[in-house]
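Here's the structure, in structure tokens; my notes come after.
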Amino acid sequence: LNVRRATEDDRETLYALWDEWVERESPVPPWVEGAQQETRAQIDIAIGSRCAVIAEECGKVLGFACGVVKGRRTGDLTELYVRPNVRRRGIARALVKAVVVALSERGVVSVTGGVGPENAAARRFYEDAGFQTVELRFVAAVEVLQRRVTEGTSRAEPAE
Ligand SMILES: CC(C)(COP(=O)(O)OP(=O)(O)OC[C@H]1O[C@@H](n2cnc3c(N)ncnc32)[C@H](O)[C@@H]1OP(=O)(O)O)[C@@H](O)C(=O)NCCC(=O)NCCS
């Protein structure tokens, strides 16, 4: 297994790996707009700052990960993907290790990451790597909110 920094020449490969993940496993939910463009922009930033890494074996690409520096001392693990047929071989661990090296070279002392609540494998991965849960994020349709927060307002009538 070879884990190396991704370069401009790998850009399309990383884009394609993300597309593969979304197509096969993680359709973009309707409330997330412009996910592909946003992700591609983050991948470009990660490559440009030498914080994108790629795993290969016998000329085949097995996965990638990206880190992006946010502020002065915090980095975000923006992408992490290992192709399904090569999982549970420690490839994600090797990718994250390489991203952490790259981020720490840029002065990062804390790393954030995120995962959907249904993604048990990734959650286990993050927890085993030492990440702690710091936030729960929510989404609701405006129509639902309008109904639910208008009902039962008697306890909090606005003062006239
Ligand atoms: C999450 C993901 C990156 C893990 O990749 P991987 O190469 O299989 O992970 P590793 O082999 O390095 O696993 C390291 C540890 O993570 C945990 N882990 C990984 N996959 C797991 C699973 N399916 N179930 C439970 N624990 C898991 C284990 O603790 C594992 O150590 P062990 O194998 O010694 O028990 C991979 O499943 C993936 O690409 N998923 C789709 C993309 C994704 O969800 N990305 C992250 C969120 S954006």
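Quick notes
- Verdict on VAL115 being touching a Phe, Trp or Tyr at 6+ places or on another chain (Cβ under 8 Å) and open to solvent by 50 Å² or more (accessible area, probe 1.4 Å): yes
- Considering each residue of the range 70-84 in turn, at least one proves to be within 13 Å of the ligand (Cβ to nearest atom), part of a helix (DSSP H, G or I) and out of contact with any Gly (no Cβ under 7 Å at 6 or more places or on another chain).
- Count of the range 56-69 residues, restricted to those that are closer than 14 Å to LEU1 by Cβ and assigned to a strand (DSSP E or B), is 8.
- The listed residue being open to solvent by less than 70 Å² (accessible area, probe 1.4 Å), part of a strand (DSSP E or B) and more than 10 Å from the ligand (Cβ to nearest atom), out of VAL108, VAL53, VAL100: VAL53
- Note on the range 1-50: residues that are under 20 Å from VAL61 (Cα atoms), open to solvent by less than 50 Å² (accessible area, probe 1.4 Å), in a loop (DSSP other than H, G, I, E, B) and modelled with pLDDT of 95 or more amount to 1.
- Search result, residues across the range 122-140 that are within 6 Å of the ligand (Cβ to nearest atom) and open to solvent by 80 Å² or more (accessible area, probe 1.4 Å): ARG124, ASP128
The values are calculated or read from the model by the stated rules, or taken from the named source; none is laboratory data. The structure presented is a predicted model; accordingly, all values stated were derived computationally and were not measured. Every residue, glycine among them, receives a Cβ derived from its backbone with ideal geometry; neighbour counts consider all protein chains shown. When the accessible area is computed, the model is the full protein with side chains, heavy atoms only, and any ligands, DNA or RNA have been set aside. Shrake-Rupley method; radii C 1.70, N 1.55, O 1.52, S 1.80 Å.
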